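Here it is, the structure, as structure tokens.
Just so it is clear, none of the values below were taken in a lab; they were calculated from the coordinates. None of these values were measured; they are calculated from a predicted model. Neighbour counts run over all protein chains shown; Cβ positions are idealised from the backbone, glycine included.
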Amino acid sequence: MPNSATPTHCPYCALQCGMNLTPQQDGGVAVVERPDFPVNRGALCGKGRTAPAVLASSVRLTSPLVRSGGALVPATWDEALDRVAEGLGRTRAEHGPDACGVFGGGGLTNEKAYSLGKFARIVLGTSQIDYNGRFCMSSAAAAGMKAFGLDRGLPFPLEDIPRTGCVILVGSNLAETMPPSLRFFNELKENGGTLVVVDPRRTRTAEQADLHLAPRPGTDLALALGLLHLVVAEGRVDEEYVAERTAGWEDARAAAMAHWPEYVERITGVPVPQLREAVRLFCEPEHAMVLTARGPEQQSKGTDTVGAWINLCLATGRAGRPLSGYGCLTGQGNGQGGREHGQKADQLPGYRKLDDPAARRHVAEVWGVDPDSLPGPGRSAYELLDALGTDIRSLLLMGSNPVVSAPRAAHIEERIKSLDFLAVCDVVLSETAELADVVLPVTQWAEETGTTTNLEGRVLLRRRAITPPPGVRSDLEVMHELAARLGGERGLEKGFPTDAEEVFAELRRASAGGPADYSGITYRRLAEENGVFWPCPAATGTADDTAGDCEDASLDAEPDDPAQDHDTVAAPHPGTPRLFLDRFATPDGRARFAPVSHRAAAEEPDAEYPVLLTTGRVVAQYQSGAQTRRVDELNAAAPGPFVELHPRLAARLGAAEGDPVAVVSRRGRAVAPARITTGIRPDTVFMPFHWPGEGRANTLTNPALDPTSRMPEFKTCAVRVEPVQS
Ligand code: SF4
């Protein structure tokens, strides 16, 4: 193992901050600043700083567990793997391959996500695979595909933000979700630019805005339409750009003109003067951006909502121009890469469509199988979880904790309990792992090498810095062993290498020529160049892999790389930090306006449930909290859930700060202490979703799905709030 600092990346959010890990006497590692990585320049939030605590946690799993007599008891790896193969194999034999489900995660490395999709489709032969990233940014991905013909979270690097003129940040509390990114916005303001924040709450991010718009939850679509109406009415449309680079403007324009500012004020609660000010701030500078996050995306009309914000960018000539455009701030550590390599229900590696015959042929050739043997598209994440115990009898789950993170979580918990068989790969006994028949303890970020793709589309190398504890194995080893057991005489395990670089070499071939083309990216380049932006095709006749050595990994090209057969050595493709500057990725090169109109949320307040609930995150916890709730320092900072409510609502309930209050929706009841603040609308309450049990916010949330992205409506549902008698 290396005995000096190992440069790598944080295991948590999509910023993928760079950090150095230095070995300690006790065999662990300490986090040290890594100023050479341009995204965070050494800065880390508390989660990243304390990430090694999970490596050494006393609750870390170091032995497989199997259910025996109702309890999970330690077992050998062979016993545990045999049980998993037997459970999945029996389901497949008795009910058919589609009765086996696979559920992945946006935190899995590219190599794991790729292998998991291949495992589901080749080894199990099931179409029933999806992942928790469906719960994060799938609406933005769908809207980006529709508008631009390609979805990459940010089509420009973060370093462009300080040099633009105005950013409208919609539904993102990045001061808490990814604090080091704030410096880009601080620099924007230092350079004379402005920040407009759209959020129902006065978050830490909104406090830093030049203008804060606080719409009712679920009305971001109307808000964007109202802004576009004003753009048209005030003569701010970039007619030349619209004529040359877009299609569909007339329908979008007509829809926007039906959304008068006063009408939009009635829907959203945002006063007309604020709408006008937002338009002025956005339109006056030469450059401007709209960045969305989960707020507008996690809605049953999330795709249309993001489409409306993209419309605003298109009408004003922002998208596909330097220092301007639309971008999505992805959430999970590999939220971007996780949706590119085949663990989505409708996708093959390289961001190819599973129902595209040419894509099937290409990937099947790389996998050495008949294209007709590949299953078709399966169910989306919530629909898959909802089918557990009925159509889907067994589940293999990797890198996710849906008992806490899924909408309508109590129902999903019951569905999981009704399975014939559940296997979970995790590092700790998460709330979902507690329900498993077999738990397989796996390696973590600092104990394994692999790649992730951050919110900018920058592919990064995470390096192994320490030896994993005895008793754990990598997810790649798990898939290899299961392929051996389930593949019988077919020798399928040969298609599941346990070395991440070998998997990446195959991923490159599978992605070649696809929208997310990684074929020109090698581990060596990632190490030498601090990451490479996709698309990065391997140029014909080049030897992209032959330059230089890298001392901490073999990092060589795979021996059968076709690029090695050529004598001609051309310069490798540099990667693509900025997309769409010449043309969009549509057949005619034009971006598409979305013809969208306002519509209500799936659940609006009524007499029985008169208040809106919105959910989100806090700075000291990450996602379902499976890792961060095991870190003392983070728990001290954020020990449990709370209900944020306005003083007027608190007064009606007779609730004081810290009093327990119950939030009740059509799906269940959650109880947590009141946190009273004027920073939230009087008609809305907020709960963070990181905790299980009585205060589980997702007990309440509505699984109403966006018709295109199949994203559940986490961000708004109708509730009532009640005092709790102690
Ligand atoms: Fe890690 Fe995200 Fe915090 Fe950076 S901002 S240290 S990537 S959790």
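Per DSSP helix of 4 or more residues, -39500 (n - 2.57); summed, then divided by the residues of the chain. What does that give at 222 nm, rounded to the nearest 500?
-8000 deg cm²/dmol
DSSP beta bridges in the chain, what fraction antiparallel, as a percent rounded to 5?
Antiparallel bridges: around 50 percent, rounded to the nearest 5.
Okay, moving on. Roughly how many nanometres apart are two label points built 7 Å out from the Cα toward the Cβ at Ser373 and Ala358?
Distance between label points: 2.5 nm.
With all distinct Cα pairs included, what does the Kirkwood hydrodynamic radius of region 6-55 come out to in Å, to one decimal, could you say?
That comes to 10.8 Å for region 6-55.
Here is a follow-up. Among Pro707, Tyr609, Val643, whose Cα sits farthest toward the positive end of the charge dipole of region 593-719 (+1 at Cβ of Lys/Arg, -1 at Cβ of Asp/Glu, about the Cα centre)?
Most positive-ward Cα: Pro707.
Say the dipole of the chain comes from +1 at the beta carbon of Lys and Arg and -1 at that of Asp and Glu; which of Trp691, Leu653, Trp260 then lies farthest toward its positive end?
Leu653
In whole percent, what relative contact order does the chain give with Cα contacts below 8 Å and a gap of six or more residues?
19
Please go through the residue pairs Lys47/Lys118; Lys189/Lys301; Lys301/Lys353; Lys112/Lys494; Lys47/Lys112; Lys47/Lys715 and name each one whose alpha carbons sit more than 27 Å apart in this structure.
Beyond 27 Å: Lys47/Lys118; Lys189/Lys301.
Still on this structure, please answer the following. Which of rounded, prolate, oblate describes region 138-329, given a ≥ b ≥ c as roots of the alpha-carbon gyration tensor eigenvalues and a/c under 1.5 marking rounded, otherwise prolate only if a/b is larger than b/c?
Rounded, since a/c falls under 1.5.
If you take every residue apart from Glu434 with its C-beta less than 11 Å away from the C-beta of Glu434, what net charge results, scoring Lys and Arg +1 and Asp and Glu -1?
So the environment of Glu434 carries a net charge of -1.
Okay, next question. Roughly how many nanometres apart are two label points built 7 Å out from the Cα toward the Cβ at Glu190 and Asp588?
4.5
Give the whole-number value, in cubic angstrom per residue, of the convex hull volume spanned by the C-alpha atoms of the chain.
About 151 Å³ per residue, rounded to a whole number.
Could you list Trp260, Trp309, Trp367 in order of exposure, starting from the residue whose Cβ has the fewest other Cβ atoms within 10 Å?
In increasing order of surrounding Cβ atoms, one gets Trp260, Trp367, Trp309.
Something else now. So for the pair Glu286, Arg204, with labels modelled 7 Å out along Cα→Cβ, what separation do we get in nm?
Roughly 3.5 nm, to one decimal.
Please give the contour-minus-distance gain from Thr467 to Thr678: 0.36 nm per residue of separation, less the Cα-Cα distance, rounded to one decimal in nm.
That pair, Thr467 and Thr678, stretches by 71.0 nm at full extension.
Assigning unit charges at the beta carbon (Lys, Arg +1; Asp, Glu -1) and nothing else, what dipole magnitude in debye, to the nearest 20, does region 406-553 show about its Cα centre?
Roughly 320 debye, rounded to the nearest 20.
Per 0.36 nm of contour for each residue apart, how much would the distance between Thr62 and Ala258 grow if the chain were fully extended, relative to their Cα-Cα spacing?
Full extension from Thr62 to Ala258 adds 64.5 nm.
Something else about it: Charges only on Cβ, +1 for Lys and Arg, -1 for Asp and Glu: so what's the dipole of region 611-723 about the Cα centre, in debye to the nearest 20?
Charge dipole, region 611-723, about its Cα centre: 300 debye, nearest 20.
Let's see if you can work this out: charge +1 on each Lys and Arg Cβ, -1 on each Asp and Glu Cβ, no other charges. What is the dipole magnitude of the chain about its Cα centre, in debye to the nearest 20?
Dipole size: approximately 1860 debye.
Here's a follow-up. Counting DSSP beta bridges with both partners in region 419-488, what percentage is antiparallel, nearest 5?
The antiparallel proportion sits near 45 percent.
Can you tell me the length gained on complete extension of the stretch His411 to Ser4, counting 0.36 nm per residue apart and subtracting the Cα distance?
141.7 nm
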